[in-house]
Amino acid sequence: MNRSVALVTGAGSGIGRATAIHLAANGFAVGVLGHTSADVEATANVIHGINGCAIALTADVAVEGEMRAAVAALLHRFGRLDAVVANAGINGVWAPIDDLKREEWQRTIDVNLTGTFMTLHVTVPELKRAGGGSIVVVSSINGTRTFTTPGATAYTATKAAQVAMVEQLSLELARHHIRINAVCPGEIETNIDANTALRGEEETAIPAVWPDGQVPITGGAPGKSVDVAEVIAFLLSDAARHVTGAPVFVDGGQGLLR
């Protein structure tokens, strides 16, 4: 196979789904990974419908055995790995710090941060074997540019940590010709709110009056998943060959407003 091969986590919906489809439309063979089989199979079917090349992979990103099995299946099918998009994540529970339960904190850490670690832990050896490659980690403006989301302590901690990982690893991986960058989306039309539980907002919200909407460049409308997918595709491409260790904000100016 002459195609470059990408693994996209959290590819059953939202930014991950849009990224997997966009990469496939641009010639990548894609490992479509998520924790719900029906969702990743649906994404893979869309790719097959545009004559793209994909394999559906079901795994919990925080479980090493499941991730190793998924990567092994990807390699068995395509023979190599050139690019990784660590996108899987949840909003988790947003609550006052004295109300946030330990298990709620841990769940967000497990998926967003341990999941990112595990994705890189099991894929970087394959990128090294391929002689190089590119990684994109999907972070957020929360925890990197903005800190006003009510009760989002666990979430912002994971998103800040992801950018720190990217900056640390950009130097560690450079000698292996592996680039790693982060995208930090603002408000994007996805279904991640289905993974959000909000408690005690009145205790943690910061009073503010916004202009019409929070996204200046679109007149207030949220961005689309494909807006992020296209930036991810650029960062994975040779056009970004001199870009590494960079957080790229894809928020229409929202983070600067807040």
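Just so it is clear, none of the values below were taken in a lab; they were calculated from the coordinates. Here the structure is a predicted model, which means the values were calculated and not measured. Methodologically, a virtual Cβ is constructed for each residue, glycine included, from the backbone with ideal geometry; neighbour enumeration extends over all protein chains shown.
Once the principal axes of the Cα atoms of the chain are found, what is the range along each, listed largest first in whole angstroms?
Sorted largest first, the three principal extents are 55, 38, 38 Å.
With the contact rule set at Cα under 8 Å and sequence spacing of 6 or more, what percent relative contact order holds for the stretch 5-257?
21
If packing is taken as the average count of other Cβ atoms within 10 Å, what order do 13-20, 155-162, 104-111, 168-175 fall into, highest mean first?
Order by mean packing, descending: 13-20, 155-162, 104-111, 168-175.
Which order results if 231, 122, 40, 30 are arranged by neighbouring Cβ count within 10 Å, fewest first?
Listed from fewest to most nearby Cβ atoms, that is 231, 122, 40, 30.
Might you report the magnitude of the Cβ-based charge dipole of the stretch 37-173 about its Cα centre, with Lys and Arg at +1 and Asp and Glu at -1, to the nearest 20 debye?
For the stretch 37-173, the charge dipole is close to 340 debye.
Length gain on complete extension for the stretch residue 172 to residue 42, per 0.36 nm per residue less the alpha carbon to alpha carbon distance?
Once the chain is fully extended between residue 172 and residue 42, it gains 43.2 nm.
For a Förster distance of 35 Å, can you work out the FRET efficiency between the beta-carbons of residue 189 and residue 99, rounded to the nearest 0.05?
Step by step, r from the Cβ atoms, then E = 0.75.
Under DSSP H, which helices of the chain have Cα atoms covering 20 Å or more of the helix axis and a Kyte-Doolittle average no less than -1.0?
64-78, 115-129, 153-174
Figure the gain on full extension for residue 51 and residue 238 (residue separation times 0.36 nm, minus the Cα-Cα span) and round it to one decimal in nm.
Difference between extended and current length: 65.0 nm.
Find the centroid of the Cα atoms in the stretch 233-256 and in the stretch 61-126, then give the distance between the two in whole Å.
Between the Cα centre of the stretch 233-256 and that of the stretch 61-126, the gap is 21 Å.
Would you order 238, 39 from fewest to most other beta-carbon atoms within 10 Å of each residue's own beta-carbon?
238, 39
Cut-off under 22 Å on the C-alpha distance; same-chain residues fewer than 8 positions from residue 224 excluded. Which lysines are left, in chain and number order?
Partners found: 159.
Suppose every K and R has +1 on its Cβ and every D and E has -1 on its Cβ; what is the size of the dipole of the stretch 5-257 about the Cα centre, in Debye to the nearest 20?
For the stretch 5-257, the charge dipole is close to 980 debye.
Report the local net charge at residue 78: Lys and Arg +1, Asp and Glu -1, summed over other residues whose C-beta lies under 14 Å from its C-beta.
Local charge sum for residue 78: +2.
Output the Kirkwood hydrodynamic radius of the stretch 66-171, Cα pairs only, in Å rounded to one decimal.
Result for the stretch 66-171, one decimal place: 14.9 Å.
Return, ordered by residue number, the residues of the stretch 221-250 whose backbone nitrogen is under 11 Å from a label point located 7 Å along Cα→Cβ of residue 25.
Answer for the stretch 221-250: 226-227, 229-230.
Excluding residue 62 itself, what net charge comes from residues whose Cβ is under 12 Å from its Cβ, given Lys and Arg +1 and Asp and Glu -1?
-3
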